[in-house]
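As structure tokens, the structure follows; a few thoughts come after it.
Only the coordinates and a few stated rules stand behind these numbers; no lab work does. Keep in mind that this is a model prediction, so the values were computed, not measured. Cβ sites come from the backbone with ideal geometry, for glycine too, and all protein chains shown count toward neighbours.
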Amino acid sequence: MFQAPEEVIDLSNPVDESMPVWPTLPSVTLEQSAWAARDGFTMEMAEMSTHTGTHIDSPLHFIPEGKTLDEFPIEKFMGEGVVIDLTPKEPEATITVAELEAFEDDIEPGDVVMLHTGWDQYHGRTPEYLFEFPYLTADAAEYLASLEPKAVGTDGASVGGWAGEVDAHGPAVEETMPDESHLPLLENDIIPIEELRNLGDVLDGADSRRAYFLYPPINYQGTSGASVRAFAFL
């Protein structure tokens, strides 16, 4: 008989029109298009990028002939894994090989590896969340790929740093460009999971903690990514 988990922790950010999005993308549109009192039913219309909110990337995101999400089996979007505590992190800080090596014995091949940086505390239209999130160095991404995980998640906006420039903020990266943080993962069919939250609740004071993670996308066809409803079973 199936045994229900003792605890379920929501790892997904809420979706509404005030949510933060990648600075070069349009804001989310979410509006009620029909009202039950007027139309006999209620319905909404949503418009947003496939890389909005808590979301996953497919290899196509950075590899021109890369796989799309629908080319993976559904099992790719769930699995046992571990959250590791990388806090505290300063704005624009890198996640390095040395930090990850401290947890090598906690990571097993096929794991979902969740990187807790604490950056979900800045969630919103803030400079910290939009531009200054911690990110993987190229070497750190290559090191993670060598451990053969199924997926790598972060509570920052991306596994790669902000390299663009807008009126209010210039690039946050020093050496590693965003593609160098993504490619070691995507070239090995390792799924990045970005803009998570509540990884600290999974840890519950521990330096690392195992759980079962789910992060299934809508069954889009031919896409480079999709928003997900991610959660952890404990």
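List of remarks:
- Here the condition is being closer than 26 Å to Gln121 by Cβ and of a type in the set (Ser, Thr, Tyr); of Thr42, Thr29, Thr68, Thr94, it holds for Thr94 alone.
- If you filter segment 1-14 down to residues that are in contact with a strand residue (DSSP E or B) (Cβ under 7 Å, 6 or more places away or on another chain) and among the hydrophobic types (A, V, I, L, M, F, W, C), you find that the one that is surrounded by the fewest Cβ atoms within 10 Å (Cβ to Cβ) is Val8.
- The set of residues in segment 96-148 being touching a Ser or Thr at 6+ places or on another chain (Cβ under 6 Å) and acidic (Asp, Glu) consists of Asp106 alone.
- For segment 53-65, filtering for residues that are in a loop (DSSP other than H, G, I, E, B), surrounded by fewer than 19 Cβ atoms within 10 Å (Cβ to Cβ) and not charged (D, E, K, R) leaves 2.
- Residues satisfying the stated conditions in segment 6-25, i.e. within 23 Å of Met45 (Cβ to Cβ) and aliphatic (A, V, I, L, M): Val15, Met19, Val21, Leu25
- Considering segment 36-51, the residues that are touching a strand residue (DSSP E or B) at 6+ places or on another chain (Cβ under 6 Å) and under 30 Å from Gly160 (Cα atoms) include one that is surrounded by the fewest Cβ atoms within 10 Å (Cβ to Cβ), namely Glu47.
- Filter result (under 20 Å from Glu174 (Cα atoms) and part of a helix (DSSP H, G or I)) within segment 123-153: Pro127, Glu128, Tyr129, Leu130, Phe131, Ala138, Asp139, Ala140, Ala141, Glu142, Tyr143
- Meets criteria (of a type in the set (S, T, N, Q), more than 30 Å from Gly200 (Cα to Cα) and exposed (fewer than 12 other Cβ atoms within 10 Å of the Cβ)) for Ser33: yes
- Which numbered condition Ser158 fails, given (1) of a type in the set (Ser, Thr, Tyr); (2) out of contact with any helix residue (DSSP H, G or I) (no Cβ under 6 Å at 6 or more places or on another chain); (3) not in a loop (DSSP other than H, G, I, E, B): (3)
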